Every structure is written in structure tokens, then in C-alpha cells.
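Undergrad: Sharing a structure with you now.
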Amino acid sequence: MTPIAGGVALNLAFGFSILAVITLFLHTRNGDQRLFLTGQRLALGISFFIFLATFILAFQLIQSNFDIDYVARYTSLETPFIYKISALWAGQSGSLLFWLFILSIYTTIVILQNQRKHNSLMPWVIITLVIVQIFFLILTNYVTNPFKPTDADFIVTNGNGLNPLLQNVTMVIHPPMLYLGFVGFSVPFGFAISALINGDTSPLWIQSIRRWALVAWLFLSMGIILGGWWAYRELGWGGYWAWDPVENASFMPWLTATAFIHSIIIQEKKDMLRLWNMSLIIMTFTLCIFGTFLTRSGVMSSVHSFTASSLGPIFLTFVFLIIVVSFGMMYFRRNELKSPRKMESFTSRESGFLFNNMVFVVLCFSVFWGTLFPVISEAVRGTKITVGPPFFNQMNIPIGLILLALTGIGPLLAWRKTGRKSLIRNFTFPILTGLSTATILLFVGFRGYVVISFSLGAFVTATIGTEFARGIYARRKKFDESIIKALIRMVSKNRSRYGGYVVHIGIVFMFVGFTGQAFDDEKEFSLTVGETDHVAGYTFELIQLSEAERANHYAWISDLRVTNKEGKFVTNLHPEKRIYFHNNPDPNRRQPHSELDIYTTMNQDIYSIFSGVDSENGVAFIKIMVNPLVRWVWVGGFILVFGTMVALWPRKD
Amino acid sequence: MIDFIRDYGLILILFILPVIFALQPLFLPRIEKIHIQLDVAELKRKKLLIYRQIKELEMEYDIGNINENDFISGRATLKKEVSEVIAALKSL
């Protein structure tokens, strides 16, 4: 398949998208079903052409067709096969095509799934999704075309190759997960816009998109966790979250989306928070586009590079249009968005959910402000003032702890109103658990946020334990079942509720892991073979320093023997110093890279970095970090994914 | 001509077939009534959702998250809603 066919497919997709919007719009005016069917099929046609274009680009990457600029920039003959595939989303134009590819998968599913459902909502849902496709088709057709030929007056025999940092299996999975999350929110957004246009703001549209929102949230969560995992295992600074603008770009929509998946429960059950839910999904989708803008426009490196790039202003215009049109429609439908019921008590589950939502939005605003402050300061005063992790930690740790507390409080509150008797009955055990934990920790000598975080973790765990126990007790009383049978039946009949509780357990695990950062220890030293050094009670001995030439890099490999205080063997670590593109005659194009080795347990990680080598004298420069409780973050991530899958699993009716 | 078809046949099929597929409904006679089928599907879905809500309400009551008065009034409201949906289904 020729690259020209890829360009033609993108052009045809653009043409089909314009026709789809026109035919579907005409259908909404005159109700002619032929126009609706044509619009649907045109939308499927757009997806087909985008699939075709994506497969053609992937094929060119695999074939190393360096006549295409994108292929020459992000792959080389030495690039391993798997990374040739992941090069599809490594650069700007490829990643925008990948955005379109995922949006087309979702659009196709939505159309096929709803052929006999939501006849009033579907035309506008498809129109909204196609308009989003049009925006990305404009970018890929006319601003940054992935099929652009190489701009060279000679035959390009080899490409630049993929950045070594991206040559990691996690990086093959992490961006697709993030994109599946980002793009996934287009579907609930489409339904929200359709509900606004139709003036039907009852819980019907919420019921249609609950699973979609959860699926998108799951992918976004997995993307964020995998991003942290990649940063921890590849970047070599010993952490997994640095409040980097790219990280924040995915975290902000995650926060509003988390608020959304909580507050739609209230609208589904009580028909409250109509306006709030509409605002949350619009904010989430806008932040997804804004996140793509932040990572792709160059605005974070400099305001000047942003204004010089053609992509940034187009993105910003699209974000502006989404906000104006969506909130404009909300204003137009303000009467229909008034919920028929009101909150009756402060001590109700509805209030708990609303308060938790507010805190999520405040946290999102804090991250938004910290992320954009350098850009704003540069634009207004000409000097870029960077806001680093201390700002984010100072602002967000207390907010995060409030959220953790609310995770425990919410399930203990009854719908409508919680009486004093119930309050005492429900809160006694969890509060006593939290207080006992705090007392023990203070007695042992811990202070500050560590005590608060662990105690709240214990409080939330007790809450969830109580909820499971109450549910099992109720079933046993009603149906006379065994504990196991009652647990299985209770979960299978209320998957979203108990799946949600499992997710909360995962969050507790993650908070335990975050708290472990308070005890991190590190040291840098140099060793020759046979020498030793000590960090955090461990002894590190350099046993061997070897060299190896591999397919796409040259490596110095250290063999470190680790023993504990008692002199007992713990593990052998093999961090490497690598030079990628080592055969390149231009030394400036050779890329050094430190490949880490980590010994990990639930208690702590021993994190080794081979930061430099003096090969003439056989000296290895090593950095060791001892990071407690990091594995709790990843285990928490697995629990979160498992809980969401439980909530998503289809139920028998 | 044969060479052209051999070289560009696949490309033509890939690009022309979607156009025919998309525009074909425009040549059909005007479709008037598929709304009834859609309405039935929508009402059945609504009925299922209300049944689920009733089950969840019973669960909330059993574990003590709502008091008896709220349970009785909530269940009565949902039962009324489901009766209306069933009546609407029967009328179609």
C-alpha cells in the first residue's frame, strides 16, 4: 500500500465527515430516516478511512520507508520491530493520527451498539463525534501530515531512530492507554451535548454513558499508573510522579472524571446534580483536549515556541469553541437543567458525594494553576517562573488527605438523611480503628502527614470492611446463606457498588505507597571491582564490570552484590550504562542512557543507577536509592483496575 | 486497462466501495416507521433499569442505609413508574 493512499484516505475521511454532519443535521430537521442511515454509514466510512490511513502508516514504519519524513524521524533500520509499531504514537503527526484512530474505534462501537437505541439522541451524538474527528482531520491533513515526504535532496538510507527513553515495553502500552482514556470521554461528551440540544436532561443520557465513562476512566487510570511505572523504572530519578506538565495534563481530566463517575450515581438514583454533571463532563472532555494541546503544542517549553507553531493556536481555538458552545448551550437549557429534587440534609450520602466532588474540582484547579503558572508568568511578565513539586505537594497533599477521608465517610452516610443513631452506629468502629492507628504511630515516633495518611488509610479500610460485613449480614439474615455464598451473591448483584469499594481499597494502598516517600534515602559513590560502599544499612560490592555490544546500543554492565546489616546476601543488581546509536559517525547523535536495576519488595525498593563509567580505570559511578513502600502504589493500581473491572462486568438480569 | 486495474484495483475497491455503501440508503424509498421498534427497545431498557433500581433500593434498606418510610415511598414511586412503562409497552 503506497503512502499516497494514506494521504488520500485522510482526505476522503475529511470529505465524508463534512457530508456526515450535513446529512445528519438535515435528518434532525426533516426526520427522513434515509438521511440518518446515510449519516451513520458516512460516519462508519470515516472510521474505515482512518483505520486504513493508520494501517498504512504502521506498514511504512515496519517497512522502514524513509521516503516518509515521519518514518525517518522516529525509526531506523536498527529499531526493534515492537518499537517501530510504537513509533506510530511517538511523534506529533503520528500521535494525532492515533487519536483519530481510537476515536474512530469508539465511534464505530457507539454507532453499532445504538442502532436500535436512543433514536432521539444518536444523530447529535454522531454529529458531535464527527465534529471532533473533523478537528483532528484538519490537523492531520493540513497542519502536520504524517505522510509528508522526506524533505531531502538525497536518498535517505537510514532514519534517526526512536528516542532510547521510549524504547521500553511500558512505553508501548502507556500512550495507547492514555489515549483510550482521553478519547473515551468523547462518547459521554457526545451524549451530553445531544441531551442538551434535545432538551432531555433527565437521567436517561446518564444511564447510557455510565459504562462508557467508567471504561474511559479505567483506561486513563491505567495510563497514568503505567506512566508512573515507566518514569520510575526508566528515567532514573527514583520517583514516579514529578508534577510535570505532561503528567498533570493526564491527571486533571482524571480528577474531574473521578468526580463525574461519583456524581452521576446521584443523578441516576435521585435525579439531582443535573447541571453539575453536565459541567463535569464538559470540563473533563475539554481537559482531555487541553491535555493533548499541552503535550503537543510546545506551550510548556516556551510561549514563543507556542506562537511560532501552527498547531498550538488551532488547538487553543478548538478548546475555546468547546467551552463557549457547550456552556452556551447549558445557559440556553438552564431551566431544563434545574433538578426536580433538592438536598435535604448535610449528613446525607448526596451531600457527601457533592462535597467529594467539590474537593476533586478544587484539586484539579490547584493542579491547573500550578501547571499553567509558568506560561502565564512568561506571557505577562516576560520571565518564566517555574512552579515545582514543593508547590504542588504543599497544595495537594492536604487536599488529597481530605479526599481520602471522604472516601471513608461517604459510604457510611445514608441516602437523604443519616439519623444520629445511625451516625453513631456506622462511624464508631472506623473512627476507633483510625484513632488506634494514629495512637500507635505517634507512640512509635512518627509525626505529621505520615500519621494522618496511615490513620486515614486504616479508617477507610475499616469503613469498607464494615460495608462488606453489613451487606453479608443482611443477606444471611434474609436468605440464610453461608458467608462465602452471601459475599459472592452480594457482589455479583451489586457490582458497581462493591467494585467501587475495591477501587477505594486500591486508593488506600496507593496512599500508603505515597506516604513511603517520607522515608526515602539515597547516596552516590564510585566503585572499582572489589570495593564496597553502604546505604541505609545495606552494603554494595562491585563484583564485575563488563561490556557488551548489542543490536542498537553499546553497554557497560555492573554486577553489584547487595548484603544487609547482618551480612546476609540480599540480591545482585545489574544496572547498565548504555550508548544508543553508538555506530553513528557523528558523536553528537550518540545517546547515553542509564538502564536501572531495582530489587523490589512490599517493604522497600533498592534502586540502582549506573550514572557514569571511567572505562580506562575500571571505575563505575553508582547511585543507590532506598525507597520504602513503592510497591504498594503498583499493587494499589492493580486493585484499582480489578475493582473497576468488577464494576464494569455485565450483570445478568 | 488490465494493467491499470491490476495495479490500482485494490485501491479503487477500497475507496469506491465505502462511497457506494454510504450513499446507498439515499436510493431507498422513504422510510417512515421504524420508530415503533425503537420505542419498544427503549421502553424495555427503561423497565429493566427501574427493576434494577428497585433491587438496589431493597439492598439499601436491608443494610440500613435508608429508613422504612423512605423505603416504602421510594419503592411505591418506582413501582408506579414501572407500571406506566409496562402500560406503554402494551399499548404499542
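The values are calculated or read from the model by the stated rules, or taken from the named source; none is laboratory data. Note that this is a predicted model, so its numbers are computed, not measured. Positions of Cβ are backbone-derived with ideal geometry, glycine not excepted, and every protein chain shown enters the neighbour counts.
Undergrad: Say whether the condition of being over 31 Å from the mean Cα position of the chain (by Cα), in a helix (DSSP H, G or I), modelled with pLDDT under 90 and within 14 Å of chain B (Cβ to nearest Cβ) is met by at least one residue in segment A:38-55.
TA: no
Undergrad: Quick check, is residue A:21 modelled with pLDDT under 95, more than 30 Å from the chain's Cα centre (by Cα), assigned by TED's automatic domain parsing to the domain that holds residue A:80 and more than 22 Å from residue B:29 (Cβ to Cβ)?
TA: On the way: modelled with pLDDT under 95: no; more than 30 Å from the chain's Cα centre (by Cα): yes; assigned by TED's automatic domain parsing to the domain that holds residue A:80: yes; more than 22 Å from residue B:29 (Cβ to Cβ): yes.
Considered against the rule, which asks whether it is modelled with pLDDT under 95, more than 30 Å from the chain's Cα centre (by Cα), assigned by TED's automatic domain parsing to the domain that holds residue A:80 and more than 22 Å from residue B:29 (Cβ to Cβ), residue A:21 comes out as no.
Undergrad: Is it true that residue A:535 is farther than 30 Å from residue A:159 by Cβ and either out of contact with any strand residue (DSSP E or B) (no Cβ under 7 Å at 6 or more places or on another chain) or at pLDDT below 90 (or both)? So that I can check it myself, show each step before the final result.
TA: Values: farther than 30 Å from residue A:159 by Cβ: yes; either out of contact with any strand residue (DSSP E or B) (no Cβ under 7 Å at 6 or more places or on another chain) or at pLDDT below 90 (or both): no.
No.
Undergrad: Just for segment A:57-80: of the residues that are within 24 Å of residue B:16 (Cα to Cα) and surrounded by fewer than 23 Cβ atoms within 10 Å (Cβ to Cβ), which one is farthest from the other protein chains (Cβ to nearest Cβ)? If you could, list the steps in order and put the result at the bottom.
TA: Start the filter on segment A:57-80 by keeping residues that are within 24 Å of residue B:16 (Cα to Cα), which leaves A:57-60.
With surrounded by fewer than 23 Cβ atoms within 10 Å (Cβ to Cβ) added as a condition, the list becomes A:58-59.
Working: A:58: 16, A:59: 13 Å.
Checking each candidate, the answer is A:58.
Undergrad: A further question on this structure: Check whether at least one residue in segment A:476-483 is within 27 Å of residue A:517 (Cβ to Cβ), within 14 Å of another protein chain (Cβ to nearest Cβ) and not charged (D, E, K, R), and report yes or no.
TA: No: zero hits.
Undergrad: So in segment A:508-529, with the set limited to residues that are within 21 Å of residue A:567 (Cα to Cα) and in contact with a Leu (Cβ under 7 Å, 6 or more places away or on another chain), which one is surrounded by the fewest Cβ atoms within 10 Å (Cβ to Cβ)?
TA: Filtering segment A:508-529 for residues that are within 21 Å of residue A:567 (Cα to Cα) and in contact with a Leu (Cβ under 7 Å, 6 or more places away or on another chain), the one surrounded by the fewest Cβ atoms within 10 Å (Cβ to Cβ) comes out as A:528.
Undergrad: I'm trying to understand the selection: among the residues of segment A:10-34, which are crowded, with 23+ Cβ neighbours inside 10 Å, more than 8 Å from every other protein chain (Cβ to nearest Cβ) and free of Cβ contacts under 8 Å to residues at least 60 places away in the same chain?
TA: If the condition is that a residue be crowded, with 23+ Cβ neighbours inside 10 Å, more than 8 Å from every other protein chain (Cβ to nearest Cβ) and free of Cβ contacts under 8 Å to residues at least 60 places away in the same chain, then A:23 is the only one that fits.
Undergrad: Taking the criterion of being surrounded by fewer than 19 Cβ atoms within 10 Å (Cβ to Cβ), of a type outside the set (Lys, Arg) and at pLDDT 95 or above, would at least one residue in segment A:453-464 satisfy it? Steps first, answer last, please.
TA: Filtering segment A:453-464 for residues surrounded by fewer than 19 Cβ atoms within 10 Å (Cβ to Cβ) gives none.
Checked against the condition, which is being surrounded by fewer than 19 Cβ atoms within 10 Å (Cβ to Cβ), of a type outside the set (Lys, Arg) and at pLDDT 95 or above, segment A:453-464 yields no hits at all.
Undergrad: Mind listing whichever residues of segment B:46-92 are modelled with pLDDT under 85 and β-branched (Val, Ile, Thr)?
TA: If the condition is that a residue be modelled with pLDDT under 85 and β-branched (Val, Ile, Thr), then B:63, B:66 are the ones that fit.
Undergrad: Still on this structure: Does residue A:382 satisfy the criteria of being surrounded by fewer than 18 Cβ atoms within 10 Å (Cβ to Cβ) and at pLDDT below 90? So that I can check it myself, show each step before the final result.
TA: Numbers: surrounded by fewer than 18 Cβ atoms within 10 Å (Cβ to Cβ): yes; at pLDDT below 90: yes.
Taking the combined requirement at face value, the residue satisfies it.
Undergrad: Just need a number here: residues in segment B:68-92 that are without any contact (Cβ under 8 Å) to a residue 24 or more places away in the chain and touching a Lys or Arg at 6+ places or on another chain (Cβ under 8 Å).
TA: Residues that pass the stated criteria total 1.
Undergrad: Then there is this: Checking the condition more than 14 Å from residue A:403 (Cα to Cα), not in a loop (DSSP other than H, G, I, E, B) and not assigned by TED's automatic domain parsing to the domain that holds residue A:412, which residue from A:380, A:361 passes?
TA: A:380
Undergrad: Would you confirm, using the coordinates I've provided, whether residue A:418 is among the hydroxyl-bearing types (Ser, Thr, Tyr), free of Cβ contacts under 8 Å to residues at least 24 places away in the same chain, outside any helix (DSSP H, G or I) and at negative phi?
TA: Values: among the hydroxyl-bearing types (Ser, Thr, Tyr): yes; free of Cβ contacts under 8 Å to residues at least 24 places away in the same chain: no; outside any helix (DSSP H, G or I): yes; at negative phi: yes.
Judged against the criteria, residue A:418 is not a match.
Undergrad: Given A:120, A:86, A:104, A:93, which one is buried (at least 24 other Cβ atoms within 10 Å of the Cβ), in the same structural domain as residue A:27 (by TED's automatic domain parsing) and more than 14 Å from residue A:48 (Cα to Cα)? Give the steps one after another, and end with the answer.
TA: Values: A:120 fails: buried (at least 24 other Cβ atoms within 10 Å of the Cβ); A:104 fails: more than 14 Å from residue A:48 (Cα to Cα); A:93 fails: buried (at least 24 other Cβ atoms within 10 Å of the Cβ).
After ruling out the rest, the residue left standing is A:86.
Per-residue answers, yes or no, for (1) in contact with a strand residue (DSSP E or B) (Cβ under 6 Å, 6 or more places away or on another chain); (2) farther than 21 Å from residue A:165 by Cα; (3) of a type in the set (A, V, I, L, M, F, W, C):
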| site | (1), (2), (3) |
| --- | --- |
| A:21 | no, yes, yes |
| A:32 | no, yes, no |
| A:66 | no, yes, yes |
| A:70 | no, no, no |
| A:79 | no, no, no |
| A:82 | no, no, yes |
| A:92 | no, no, no |
| A:95 | no, no, no |
| A:109 | no, yes, yes |
